1. Counting only residues that are part of a loop (DSSP other than H, G, I, E, B) and under 19 Å from residue 64 (Cβ atoms), how many does the stretch 199-222 have?
2. Check 83, 126, 114 and return the single one that is in the same structural domain as residue 150 (by TED's automatic domain parsing) and buried (at least 18 other Cβ atoms within 10 Å of the Cβ).
3. Any residue that is crowded, with 18+ Cβ neighbours inside 10 Å, over 25 Å from residue 55 (Cα atoms) and assigned by TED's automatic domain parsing to the domain that holds residue 116 - is there at least one of those in the stretch 182-192?
4. Filter the stretch 55-78 down to the residues that are farther than 17 Å from residue 179 by Cα and in contact (Cβ under 8 Å) with a residue 24 or more places away in the chain and list them by number.
5. Could you tell me whether residue 47 is within 16 Å of the ligand (Cβ to nearest atom), in contact with a strand residue (DSSP E or B) (Cβ under 6 Å, 6 or more places away or on another chain), under 25 Å from residue 150 (Cβ atoms) and at pLDDT 65 or above?
Ligand code: SF4
């Protein structure tokens, strides 16, 4: 047994070092667990298993969800569970209201306005709601061709989508721009254009599919 002398508030005491070691160890601060979004295996999550074909919100004529004036559809349900998610309520597949023919007709009528540049899909997770999103983007291409552009946000990153189910690949093929990747709280940067964290990318989809590698949107400023 070894003793050392310590001074507490002007008082001198002798303490057994074995006791002290135990106390120091007991008071060591707990390591903070870093919470991270979930990482699915390819085809682990399928829209057919999760989507309730519901939408959390529809916002016509906004200026924030991509380039120009846009109509934004927020679908319900997302499994990534990113800490700090900007729309946590929409992670629930049952949140909101059903997607209806009436709403679809309204979106098409709104998009027909000459000052509207295009549609934006957000969520929730559009690629886990392909029943709704494919139906809408197909109609947009039928009615407007490529005179209206289509943007989508996703928690998947580009390489993950390429390895996933055929409905996800089909939706990707209708897009002009994809903003990819989970929201990573430690990489949050509010100065970025249309993104919340610096791992996310604004991808030119047709050029990326043509060239077989990710091509970043050529209007990216920051
Ligand atoms: S991917 Fe988007 S909607 Fe899904 S949890 Fe992450 S931030 Fe929220």
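The values are calculated or read from the model by the stated rules, or taken from the named source; none is laboratory data. Remember, predicted model here, so these are calculated numbers, not experimental data. Using ideal geometry, Cβ is built from the backbone for each residue, glycine included, and neighbour counts are taken over all protein chains shown.
1. Residues in the stretch 199-222 being part of a loop (DSSP other than H, G, I, E, B) and under 19 Å from residue 64 (Cβ atoms): 6 in total.
2. Checking each option against the conditions leaves just 126.
3. Among the residues of the stretch 182-192, not one is crowded, with 18+ Cβ neighbours inside 10 Å, over 25 Å from residue 55 (Cα atoms) and assigned by TED's automatic domain parsing to the domain that holds residue 116, which makes the answer no.
4. Those that are farther than 17 Å from residue 179 by Cα and in contact (Cβ under 8 Å) with a residue 24 or more places away in the chain: 55, 56, 57, 58, 60, 61, 69, 76, 77.
5. When the stated conditions are applied, residue 47 does not pass them.
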